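Reading through the structure tokens given below for one structure.
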Amino acid sequence: MLRTTQSRISLSSLHLRHSTPRAHCYRRAYATSYTSLSSRYETYYGGSIKTFYNSTLTGLSPAENEFREAVWEFSARVVKPKSEVIEREGGDSETHEYKTLIEVHKEMAEMGLHGVTVPTEDLTSSLGLGLSYTHHLLAMEAISYSSASLALSYGAHSNLCVNQLSRWGSDDQRAQWIPGLLDGTYIGALAMSETGAGSDVLGSMMTVTKKVDDGYVLNGNKFWITNGPKADVFVVYARDVVEPGAKQTYTTFLVPRTTPGFSTGKPLDKFGMRGSPTCELIFEDVFLPSTSVLGDPVSLQGKGAKILMSGLDLERLVLSGGPLGIMQAAYDTAVDYVHQREQFGVRVGTIGSMQAKLAEMYTKVNTARTFVYAVARAVDYHNAEAQKQGLGPKDKGYTYPPFQRRDCAAAIMYATDKAIEVAMECMQCLGGNGYINDYPAARYLADARLYAVGAGTQEVRRWLIGREVNSDFE
């Protein structure tokens, strides 16, 4: 027996905001979900998505689940019908227009998705939802289900750029950039990695900034930068020129695309995530005024390492939604296929060896999601406690949860491993069809592989977790 729920949902009017929604914030999403009492499946937008997402294990509150259903409905209504076009446009080596991705970026702004964790305040034109990292994770997962490429660009924009700017930016910087980043006018990006500075991002960083009168001069290159070809503003980390023998420091800058001396390379031809724009950034004697230092140019000059590290944990957590969404899509595709295809006079899904595959996939999907959600709740709890004391990341006395670094790394490490495994099994379940591009199985694997090297490699995540565990005995 199915229970049908129909509700008219607005992300900005889910009674989750910290202030009364303004009139212009009432943007509606129409969510229709059919949830089996035995947790069999949910459908969205007239069956555009049918998923075996197990909501009984998530531990989400009614408000969080309402938010989740609203974003899944948006994913089914807006993202899924355009996912193939997003992939084709991104893979077109001649144009690389990303026209559809930019259109959907603006539609996501109408849903309020770009400011999930941004506080509702006058500086942001009240477009920030002021919600938790759990909500941001839920949005990332739902979008990834329909288009992992779009979701990757969304994560780079809304978390790596917008969230860092919201947490660390000055009042003037937030007033200048956040309204446009939230309403879809601008696209944001973060620039940290270089060709010679991947896992050892600080120790090997060669992009350098030199203090001059009234500002800084920036030189160097950044590589593998998500949203690079289309971003309007970049959060850029650079190595400071210091006196011989002095401690090496780093500074974080906001660099508009129109800055003289700044340019981008040709979009990179990637194995997966082909719809997500990625390229090299080039800085040639780029002059930046002192006001370009992220946050207060006096107190945060030379504090780039602190800003970078504070963002990495949250980046790993929110981006964990990527492999979760890919994994759920792969599982749903496999389950549906093996219960339609027949061999030996029976449905393939009823054959013992295939039942074993389904059991493994089901367990991997749900253990990964349960763990990632638990880490998100722990981070949100600590943030809420800090807010009660009036503390934010820029304040003296602000601390991070004791296990946040290892747990956020473990969340994306585990989810990524399981997503790759489930994608591989999905390909196997589809047999020959799993190997041709008429079916999505191969793309699931190619997209899942991104998370094994993006936002840190699996090897570094394991090293980090082990180091943190060993620190308990020092």
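The values are calculated or read from the model by the stated rules, or taken from the named source; none is laboratory data. Predicted model, so just to flag it, every value in this text is computed and none were measured. Every residue, glycine as well, gets a Cβ built from its backbone with ideal geometry; the counts of neighbours run over all protein chains shown. Side chains included, ligands, DNA and RNA excluded: accessible areas come from the protein's heavy atoms. Shrake-Rupley method; radii C 1.70, N 1.55, O 1.52, S 1.80 Å.
Of note:
- For region 191-204, filtered to residues that are touching a Phe, Trp or Tyr at 6+ places or on another chain (Cβ under 6 Å) and in a loop (DSSP other than H, G, I, E, B), the residue that is surrounded by the fewest Cβ atoms within 10 Å (Cβ to Cβ) is THR195.
- Positions within region 313-340 being part of a loop (DSSP other than H, G, I, E, B) and closer than 22 Å to PRO401 by Cα, in sequence order: SER320
- Here THR117 clears all of (1) open to solvent by 10 Å² or more (accessible area, probe 1.4 Å); (2) in a helix (DSSP H, G or I); (3) within 14 Å of GLY188 (Cβ to Cβ) except the condition numbered (2).
- Residues of region 385-414 satisfying the condition of being open to solvent by less than 50 Å² (accessible area, probe 1.4 Å), free of Cβ contacts under 8 Å to residues at least 24 places away in the same chain and in a helix (DSSP H, G or I): ALA386
- Checking SER276, SER310, SER263 one by one, the residue that is under 19 Å from ARG174 (Cβ atoms) and either outside any loop (DSSP other than H, G, I, E, B) or in contact with a helix residue (DSSP H, G or I) (Cβ under 6 Å, 6 or more places away or on another chain) (or both) is SER310 and no other.
- Residues within region 165-187 that are open to solvent by 10 Å² or more (accessible area, probe 1.4 Å) and closer than 25 Å to TYR45 by Cβ, tallied: 1
- Test: residue in region 131-142 that is outside any helix (DSSP H, G or I) and modelled with pLDDT of 95 or more: yes
- Residue match in region 133-143 (condition: aromatic (Phe, Trp, Tyr), open to solvent by 10 Å² or more (accessible area, probe 1.4 Å) and over 23 Å from ASP313 (Cβ atoms)): no
- Flag if ALA376 is assigned to a helix (DSSP H, G or I) and open to solvent by less than 10 Å² (accessible area, probe 1.4 Å): yes
- Under the condition of being open to solvent by less than 10 Å² (accessible area, probe 1.4 Å) and of a type in the set (Val, Ile, Thr), the residues counted in region 415-430 number 2.
Rundown of residues vs (1) outside any strand (DSSP E or B); (2) open to solvent by less than 50 Å² (accessible area, probe 1.4 Å); (3) touching a His at 6+ places or on another chain (Cβ under 9 Å); (4) among the polar types (S, T, N, Q), yes/no style:
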| residue | (1), (2), (3), (4) |
| --- | --- |
| ALA189 | no, yes, yes, no |
| MET206 | yes, no, no, no |
| LYS211 | no, no, no, no |
| LEU218 | no, yes, no, no |
| ASN221 | no, no, no, yes |
| ILE225 | no, yes, no, no |
| ALA231 | yes, yes, yes, no |
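- Just one residue in the set ALA189, ALA148 is under 18 Å from the mean Cα position of the chain (by Cα) and closer than 22 Å to GLU284 by Cα; that residue is ALA189.
- Any pair with Cβ under 7 angstrom, 6 or more apart, that starts in region 332-350 at a residue that is of a type in the set (Phe, Trp, Tyr) and ends at one that is part of a helix (DSSP H, G or I): TYR337/CYS429
- Single residue of region 256-288 satisfying the filter (touching a residue at least 24 places away in the same chain (Cβ under 8 Å) and β-branched (Val, Ile, Thr)) that is surrounded by the fewest Cβ atoms within 10 Å (Cβ to Cβ): ILE282
- Residues in region 431-461 that are among the hydroxyl-bearing types (Ser, Thr, Tyr), touching a residue at least 24 places away in the same chain (Cβ under 8 Å) and open to solvent by 20 Å² or more (accessible area, probe 1.4 Å) were compared, and the one that is farthest from LEU312 (Cα to Cα) is TYR439.
- Taken over region 281-300, the criterion of being among the charged types (D, E, K, R) and either under 20 Å from the mean Cα position of the chain (by Cα) or assigned to a loop (DSSP other than H, G, I, E, B) (or both) is satisfied by ASP296 alone.
- If you filter region 79-93 down to residues that are buried (at least 21 other Cβ atoms within 10 Å of the Cβ) and among the hydrophobic types (A, V, I, L, M, F, W, C), you find that the one that is nearest to SER144 (Cα to Cα) is VAL79.
- The conditions of being in contact with a helix residue (DSSP H, G or I) (Cβ under 9 Å, 6 or more places away or on another chain), at pLDDT 95 or above and open to solvent by 30 Å² or more (accessible area, probe 1.4 Å) are not met by VAL162.
- Of all the numbered requirements in (1) modelled with pLDDT of 95 or more; (2) open to solvent by less than 50 Å² (accessible area, probe 1.4 Å); (3) under 25 Å from LEU319 (Cα atoms); (4) not β-branched (Val, Ile, Thr), PHE371 misses one, and that requirement is (2).
- Condition met for SER146 (touching a helix residue (DSSP H, G or I) at 6+ places or on another chain (Cβ under 6 Å) and crowded, with 24+ Cβ neighbours inside 10 Å): yes
- Filter pass, GLN328 being modelled with pLDDT of 95 or more and either over 17 Å from LEU190 (Cβ atoms) or of a type in the set (A, V, I, L, M, F, W, C) (or both): yes
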